[in-house]
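For reference, the structure is listed below as structure tokens.
The values are calculated or read from the model by the stated rules, or taken from the named source; none is laboratory data. None of these values were measured; they are calculated from a predicted model. Positions of Cβ are generated from backbone atoms using ideal geometry, with glycine treated the same way; all protein chains shown enter the neighbour counts. To get the accessible areas, we keep the full protein, side chains included, count just its heavy atoms, and leave off ligands, DNA and RNA. Shrake-Rupley method; radii C 1.70, N 1.55, O 1.52, S 1.80 Å.
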Amino acid sequence: RSYRLGPCLFGLAARVIDGRMLAAAAEPMRRLTVELDETVHLCVLRGDDVVTLRTEAPAHRFRASGWIGVPVPAPCTSAGRALLIDVPDAELLRRFAGHPFPSRGPRSRVRDAASLVSVLAEVRATGHATVDEEFEPDVAGVSAPIRNARGVVVAALNVSAPADRLRARLADAGRQAQRHADEVSAAMGWPGPGAGRPS
């Protein structure tokens with residue numbers, strides 16, 4: 001007559017956390033959309049794919065929408081790279097060894113596990129990820145990680161726009177996305193950058 005926690009309870013807890021994160025992200029996403037006048041996505045990692053949970057779009061005609069629930073390969077997106085920011089290099093090499101890296105955009109920089117490790121070193125240095133016609137032709141994007149109370153990356157805040165409109169301000173957009181992502185992280189209980197990263 002003993003009890004143990006089963007997978008159904010863990011699944012229920014994950015849905016509760018996703019709901020809390022959606023609520024925490026709603027207002028920062030709206031403000032980031034207004035500041036940049038571009039589409040903002042809330043993304044999570046599911047296996048080796050990125051899935052969009054929520055999208056906030058501006059009023060103008062071009063909208064990078066229709067991505068909710070659609071899985072895309074993590075290595076070729078800025079959101080995927082932000083979500084992988086804390087994964088050790090050895091784990092990345094093991095996890096993505098022999099992994100297919102389809103060339104989706106004309107400026108794709110990630111062709112194998114080794115180049116993914118190299119690109120993620122840049123992401124760690126800046127605190128946010130950028131892509132410029134790597135995921136799709138004529139599309140650029142930036143993403144910043146969102147952390148839970150333990151400092152674990154659980155989501156990414158992503159901005160997507162036509163490359164000719166976002167390219168000149170990618171660095172600024174990345175910093176703005178990072179600031180709003182940190183705001184969501186704080187709402188999730190993360191004490192901030194000074195708290196360090198989980199081992």
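Go through (1) open to solvent by less than 40 Å² (accessible area, probe 1.4 Å); (2) modelled with pLDDT under 95; (3) not acidic (Asp, Glu) one by one and return the number of the condition Gly194 breaks.
Here Gly194 meets the rest and fails (1).
Here is a check on your reading of the model: is Ala23 in a helix (DSSP H, G or I) and either at pLDDT below 95 or not hydrophobic (A, V, I, L, M, F, W, C) (or both)?
Working: in a helix (DSSP H, G or I): yes; either at pLDDT below 95 or not hydrophobic (A, V, I, L, M, F, W, C) (or both): yes.
Criteria met by Ala23.
Which members of region 70-126 meet the condition of being at pLDDT below 95 and within 23 Å of Leu53 (Cβ to Cβ)?
Val70, Pro71, Val72, Pro73, Ala74, Pro75, Cys76, Thr77, Arg95, Arg104
Hey, among Arg165, Arg95, which residue is among the charged types (D, E, K, R), touching a residue at least 40 places away in the same chain (Cβ under 8 Å) and over 24 Å from Met29 (Cα atoms)? Before you say what the answer is, go through the steps one by one.
Working: Arg165 fails: over 24 Å from Met29 (Cα atoms).
Unique residue meeting the criteria: Arg95.
Output yes when any residue across region 142-152 is over 15 Å from the mean Cα position of the chain (by Cα), loosely packed, with under 14 Cβ neighbours inside 10 Å and not in a strand (DSSP E or B), and no when none is.
Yes, there is a match, as at least one residue in region 142-152 is over 15 Å from the mean Cα position of the chain (by Cα), loosely packed, with under 14 Cβ neighbours inside 10 Å and not in a strand (DSSP E or B).
Assess whether Asp172 counts as being free of Cβ contacts under 8 Å to residues at least 24 places away in the same chain, open to solvent by 10 Å² or more (accessible area, probe 1.4 Å) and closer than 15 Å to Glu38 by Cα. Give the steps one after another, and end with the answer.
Details: free of Cβ contacts under 8 Å to residues at least 24 places away in the same chain: yes; open to solvent by 10 Å² or more (accessible area, probe 1.4 Å): yes; closer than 15 Å to Glu38 by Cα: yes.
So Asp172 passes the test.
Only one residue in Phe101, Phe135 is open to solvent by less than 70 Å² (accessible area, probe 1.4 Å), in contact with a Cys (Cβ under 6 Å, 6 or more places away or on another chain) and not β-branched (Val, Ile, Thr), so which one is that?
Working: Phe101 fails: in contact with a Cys (Cβ under 6 Å, 6 or more places away or on another chain).
Selected residue: Phe135, the only one of Phe101, Phe135 that is open to solvent by less than 70 Å² (accessible area, probe 1.4 Å), in contact with a Cys (Cβ under 6 Å, 6 or more places away or on another chain) and not β-branched (Val, Ile, Thr).
How many residues, within region 110-133, are within 9 Å of Arg81 (Cβ to Cβ) and of a type in the set (A, V, I, L, M)?
So the answer is 7.
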